[in-house]
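Here's the structure we're looking at; comments come further down.
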Amino acid sequence: MDLNAFERKVRHDGVRFVRFLYCDPGGIIRGKAVHVDKLVERMQGGIGLTVAMPAMNMLDQLQPVEGLGPVGEIRLVPDPGSYAPLPYAPSSAGMMADMVTLGRKPWDACARTFLQRMIGRAREAGVSIQAAFEPEWTLAVAREDGSFAPADRSLCFSTVGWETSVAVIDDIVAALEAQGMPVEQFYPELGHGQQELSIRHADALRAADNHVRYRDTVRAVARKHGFVASLAPKPFVDQAGNGCHIHLSAWDADGARNLMAAEGKPNELSDFGRRWIAGVLAHLPGLVALTAASCNSYRRLKPHMWSSAFTCWGFDNREAAVRIASGLWDEATPSLNMELKPSDNSNNPYLALGALIAAGLDGVEKGLDPGKPVTVDPGALGEGERTALGIRRLPESLAAALEALEHDAVLMGALGDLLGRTFLAVKRSEAKAFAAQDQAFELAQHFYKF
Ligand code: GLU
Ligand code: MG
């Protein structure tokens, strides 16, 4: 790539600082910025970062992880294809960065590298992945005492909710579009102040990049309007939780045929599709540690909350952890996709999506069977009926999910030694820190970090 031409474009955009962004294993978006005068140099050589950073938890408490101490350094090397000026920040642009060792090798603790590795695994199996993150979040106002209240008391999909938020949503949409993210749908959701604003699917890496940018954009634009946008899974305990369901479809290598859809049978899964979701269900107890990755996540994953609480799948079943959404009229086959419901904005989207791919591929490789689709609310079945159907309750806490993850050889193997150890250490430290505090502390800490 012609870096001098790239620099000219950046100057032409009026950009002074370019942020090299990453999402750490704990799910926090961080970055370092370079002045445009030094951009070419830093694109070639990266920006230095201490090896300790991936071991930081969401309270900025550094965890003891072997190999991630005060001595040692890696480089943040940006992906120029992810460049976009940040419409909400003066003279600023962002690029998603990979973590690279001083020896110029992909670094094992880099979440974005992990996703690229899983995309590579899929490619070797002749599969290309399309994905979309479907975020819900809560528009709130800050009170003088530092606490928060929902911005409205609106009803689900209601005009009253629309009126409260349409001005800020309009600015958010403009900012997303300016960064190349096409918006698909918007509506006020069930909870007070809750919004759902979704963007179009993309190839897996770009989908995760987009979601990082989305989170930054929503928070920043809401703030300009005097609101606080909370992307926490459960910012208010008496209101609906904020999911960030992951939609995924697996295509052949050219992206021409949706492998999950049964040919000539609209809204039916192929054998490939059945095996894929069987893999997801088989690994779900450990997988949720990566997709619903904060202590606050487990306040959301309760029966009858439309967020899913059990390891089952179903067609258009909004209480099932894996929902197969009915396809679009006249486009049923290309639009068929799986939706993972136990996922929220407190995850690291690269880890969440990469692990979801690893789980699906495992089901395909092993020829797993997902069993029958569940046609009722699984929470309404008796314990015995669920057991007979092979339906398990999802882990009820982050600590329990981490336990399941540690014992899941496929997911731990996919993460690799360093990333696996780092994730467990960081998340266990969060589980411990929040267990020692009360609910108010947990809600306050999660409200505005994701
Ligand atoms: N708010 C629900 C959740 O926590 C999702 C509601 C829906 O979109 O079906 O996932
Ligand atoms: Mg929703």
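FYI, it's all coordinate maths here, none of it is from the lab. Computed from a predicted model, the values in this text were never measured in an experiment. No Cβ is skipped: glycine too gets one built from the backbone with ideal geometry, and neighbour counts run over all protein chains shown.
Mean sequence separation of contacting Cα pairs (under 8 Å, at least six apart), scaled by the length of the chain, corresponds to a relative contact order of 17 percent.
Distance from the C-alpha centroid of segment 143-167 to that of segment 274-320: 28 Å, rounded to the whole angstrom.
In the elastic network of the chain, a GNM with C-alpha springs shorter than 10 Å, the most mobile of Phe114, Phe186, Phe20 is Phe186. Working note: Karplus 6.51/-1.76/1.60 with θ = phi - 60° gives segment 71-87 the couplings 9, x, 8, 10, 10, 8, 10, x, 9, x, x, 9, 5, 7, x, 8, x Hz, where Gly and Pro are set to x.
Looking at the chain, the DSSP beta bridges with both ends there are about 85 percent antiparallel.
Averaged over residues, the count of other Cβ atoms within 10 Å places the peptides 262-273, 307-318, 102-113 in the sequence 307-318, 102-113, 262-273, highest first. Converting phi to 3J(HN,Hα) with the Karplus coefficients 6.51, -1.76 and 1.60 and the offset θ = phi - 60°, segment 206-220 yields 5, 4, 5, 4, 4, 5, 4, 5, 4, 4, 4, 5, 4, 4, 5 Hz in sequence order, with x at every glycine or proline. For the chain, a crude dipole built from +1 on the beta carbon of Lys and Arg and -1 on the beta carbon of Asp and Glu, taken about the Cα centre, is about 880 debye to the nearest 20. So how far, in whole Å, is the C-alpha centre of segment 373-450 from the one of segment 193-219? Computed from Cα coordinates, the inter-centre distance equals 23 Å. Among the lysines of segment 218-348, pairs at least eight places apart or on separate chains and with Cα atoms under 24 Å apart come to 4. For segment 43-154, the relative contact order is 15 percent, taking Cα pairs closer than 8 Å that sit 6 or more residues apart in sequence and dividing their mean separation by the residue count. Please give the net charge around Pro266, taking every other residue with its beta carbon less than 15 angstrom from that of Pro266, where Lys and Arg add +1 and Asp and Glu add -1. Here the count lands on -3.
Per residue, the average separation of C-alpha pairs within less than 8 Å and at least 6 apart gives segment 1-83 a relative contact order of 26 percent. With a cut-off of 14 Å between beta carbons, the residues surrounding Asp252 carry a summed charge of -2, where Lys and Arg count +1 and Asp and Glu -1. Prolate is the label for segment 3-47, because the ratio a/c of its alpha-carbon gyration tensor axes (a ≥ b ≥ c) is 1.5 or higher and a/b is greater than b/c. Taking a ≥ b ≥ c as the square roots of the eigenvalues of the Cα gyration tensor of segment 72-228, is the shape rounded (a/c under 1.5), prolate (a/b larger than b/c) or oblate? Cα axes put segment 72-228 in the prolate bin.
The H on the amide N of Val228, modeled in the peptide plane, is under 5 Å from the matching H of Ala140, Val141, Ala142, each at least 5 residues off or on a different chain.
Sequentially through segment 168-175, phi angles give Karplus couplings (6.51, -1.76, 1.60; θ = phi - 60°) of 6, 4, 4, 5, 4, 4, 4, 5 Hz, Gly and Pro residues having no value and appearing as x. Within the shell of other residues whose beta carbon sits under 15 angstrom from the beta carbon of Ala433, the net charge comes to 0, with Lys and Arg scored +1 and Asp and Glu -1.
Panel order for His211, His245, His12, His304, by other beta carbons found within 10 Å of each beta carbon, from fewest to most: His12, His304, His245, His211.
Cα gyration tensor of the chain, axes a ≥ b ≥ c as square roots of the eigenvalues: rounded (a/c below 1.5), prolate (a/b > b/c) or oblate? Rounded, since a/c falls under 1.5.
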